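Values in this text are rule-based calculations from the coordinates and carry no lab data. All values reported here derive from a predicted model rather than from experimental measurement. Every residue, glycine among them, receives a Cβ derived from its backbone with ideal geometry; neighbour counts consider all protein chains shown.
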Amino acid sequence: MIQFSDVTKYYDDDLVLKDLTFTVGKGELAFLTGPSGVGKTTLLKLIYAAELPDEGNIVVAGWDIRKLKQNTIPYLRRHVGIVFQDFRLLFNKTVFDNVALALRIHDMHPKEIREDVLEILKEVRLKHKAHIYPQHLSGGEQQRVVIARAMVSKPTVLLADEPTGNLDADTSLAITNLFREINARGTTVLIATHSASLYQGTGRRVFHLRDSNIEKETVG
Amino acid sequence: MRIFLYSLQTALKSIWHEKWINLLTVLSISIGLLILSSFIVITLNMDSVLQRWSKSFGLVAYLDEDLTKEAESTLEELLRQDEDILEVRYISKDRAAQEIQTILGDDARILEDFRENPLPSSFELRLKTELLDPELVRKKAEAIQEMSGIEEVQYGEKWLSSLSTIAQMMKMGTVFLGCAIFTAIIFITYSTIKIFFYRRKDEIETLKLLGATKSFIRLPFLLEGLFIGTTGGLISAFALFGLYSVVLVKIPELLPSVTILILSLPLEAYISVTLAGALMSFTGSFFAVGKIRY
Ligand SMILES: Nc1ncnc2c1ncn2[C@@H]1O[C@H](COP(=O)(O)OP(=O)(O)OP(=O)(O)O)[C@@H](O)[C@H]1O
Ligand SMILES: [Mg+2]
């Protein structure tokens with residue numbers, strides 16, 4: 001589902017990733033970890049074509065990233081749900097509208113949008129805050145809105161960048177369970193995180209990034 | 001279709017949210033269009049007045065003093081055969097004297113001082129309208145002057161040429177003004193929509209990452225531009241209608257001696273004003289949104 005072959009990525013002259021090769025299979029749930037600044041977010045950005053590789057090939061859900069035309073990028077991204085590290089919530093829209101945005105870009109009936117959004121908000125336990133603006137939510141609540149937005153369109157691939165960075169242990173657990181559920185329904189999930197507690201005991205593959213490459217692969 | 005409705009909703013929200021900037025833009029556009037359309041109306045009226053004047057415009061060929069009746073009628077026959085001449089009117093010495101008398105009234109007594117009627121007989125000639133160009137009229141006049149029995153040909157050369165120069169200049173001025181105002185409208189909408197675009201930059205970035213197509217991102221801005229231009233155009237069309245109605249009523253009241261026939265403005269004129277506003281603003285907003293890259 002996600003396939004990197006000898007991927008090298010520079011920001012100007014700064015090398016971030018060098019000859020990176022790995023695969024996340026269809027329906028797999030995997031983790032990506034490593035110290036801050038190692039390039040986890042960059043790796044995820046390569047998957048949804050927000051950055052392009054300098055060398056190597058990336059194939060995501062059958063799309064060859066390097067051959068993508070500008071006009072087809074949106075269609076790739078509709079298959080990829082993203083929990084952004086910096087949230088990217090819109091503060092002039094309510095929680096409901098923030099989540100609904102991911103569906104409005106599709107030609108979907110407002111009634112269906114409403115149903116799906118309320119459903120997913122219930123799953124992240126924020127249904128009662130649907131009509132509140134994000135700036136009035138706690139960090140953890142904002143995080144859950146972002147997760148809801150990433151999941152609401154039922155993407156083929158779900159990328160989560162530090163999804164529990166702002167959550168307490170209990171909520172973290174609930175969110176992790178949510179990702180597992182999503183995964184159980186067939187979505188491929190890749191979670192980038194510093195926190196070992198998130199993957200320990202999951203029995204899932206963990207890629208450890210260090211010095212521009214995957215230093216080792218373990219099972220959590 | 002739903003995407004269109006959503007874009008429309010977004011555009012309407014933005015129009016309401018930024019109502020003051022929008023109002024300012026709309027008013028600037030309508031003032032620009034009103035100035036332009038007033039100018040066009042004046043030019044059109046000038047033109048129609050000129051047309052009417054030049055229709056009644058003619059040459060006067062004065063005949064030699066000692067021309068016989070027969071020579072006069074051969075000459076008349078000759079002129080009638082000329083294809084460029086629409087109408088030939090013979091004015092005898094006596095008739096000329098009568099006409100002068102009606103014009104001068106009491107002052108006509110000066111004519112009594114002459115023992116003989118000093119006025120020559122003449123032909124008044126009306127030319128085909130195609131010929132009503134100062135240069136062509138001059139050539140025709142010269143040609144007639146060459147005919148035997150013609151003493152002198154008079155025509156309002158200065159009048160004709162300065163009138164047509166004025167008409168030409170008015171037309172050029174209108175074209176120039178039109179270009180200037182259209183450009184101004186494009187720029188005004190461009191900057192307004194550009195402001196909105198920058199204000200929503202974060203939202204646009206997020207939309208791109210969520211998988212929104214370019215048209216999804218563009219459409220609300222284009223609709224907003226279209227709305228601004230159409231509203232501006234409509235306002236100026238109504239203002240033009242109001243102004244025109246007042247002028248139509250007031251001009252004959254204030255200046256009864258001016259018997260200028262003012263063209264009534266067709267509905268198409270008002271529609272054109274509105275469409276012009278819409279088109280220019282649409283163009284402006286199109287450039288404001290610019291190229292979208294992922
Ligand atoms: N747009 C950019 N231009 C230049 N350098 C960048 C850019 N984005 C990231 N970097 C650099 O690339 C390196 C990797 O950044 P990245 O955000 O991928 O790290 P990360 O592993 O996600 O870190 P963290 O765990 O803190 O989120 C960092 O040194 C960062 O400064
Ligand atoms: Mg990061």
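Values computed for the structure shown
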item: Kirkwood hydrodynamic radius of segment B:146-224, from inverse mean 1/r over distinct Cα pairs, in Å; result: 18.0
item: Convex hull volume per residue in cubic angstrom - Cα atoms of segment A:96-154; result: 69
item: Beta bridges by DSSP in chain A, antiparallel share as percent, to the nearest 5; result: 55
item: Dipole of chain A, positive direction: furthest Cα of A:I58, A:Y11, A:I105, with charges on the beta-carbon; result: A:I105
item: Positive-end residue of B:I251, A:H136, B:I228, charge dipole of the protein assembly as shown with Cβ unit charges; result: A:H136
item: Cβ-based charge dipole, the protein assembly as shown, positive-most Cα from A:S172, A:T21, B:V49; result: A:S172
item: Span per principal axis, largest first, for the Cα atoms of the protein assembly as shown (Å); result: 136, 47, 35
item: Charge dipole (debye, nearest 20) of the protein assembly as shown; +1 at Cβ of Lys and Arg, -1 at Cβ of Asp and Glu; result: 4440
item: Burial ordering of B:M1, A:M108, fewest other beta-carbon atoms within 10 Å first; result: B:M1, A:M108
item: Average beta-carbon neighbours from other chains, 10 Å sphere, peptide A:70-78; result: 5
item: For chain B, built as a Gaussian network whose Cα springs stay under 10 Å, the top-fluctuating residue of B:S37, B:S148, B:S161; result: B:S148
item: Alpha carbon convex hull of chain B, volume per residue in cubic angstrom; result: 175
item: When the convex hull of its Cα atoms is projected in every direction, mean area for chain A (nm²); result: 11.9
item: Residues A:V206, A:V95, A:V145, sorted so that the one with the fewest Cβ neighbours within 10 Å comes first; result: A:V206, A:V145, A:V95
item: Peptide A:95-105 - average C-beta neighbours from other chains (10 Å radius); result: 3
item: Within segment A:25-115: Cβ-based charge dipole about Cα centre, in debye rounded to nearest 20 (Lys, Arg +1; Asp, Glu -1); result: 180
item: Relative contact order computed over segment A:96-154 (Cα-Cα under 8 Å; 6+ residues apart), in percent; result: 51
item: Helix-only [θ]222 nm of chain B, DSSP H runs n ≥ 4, -39500 (n - 2.57) each, per residue, nearest 500; result: -25000 deg cm²/dmol
item: Over segment A:124-220, volume per residue of the alpha carbon convex hull, in Å³; result: 114
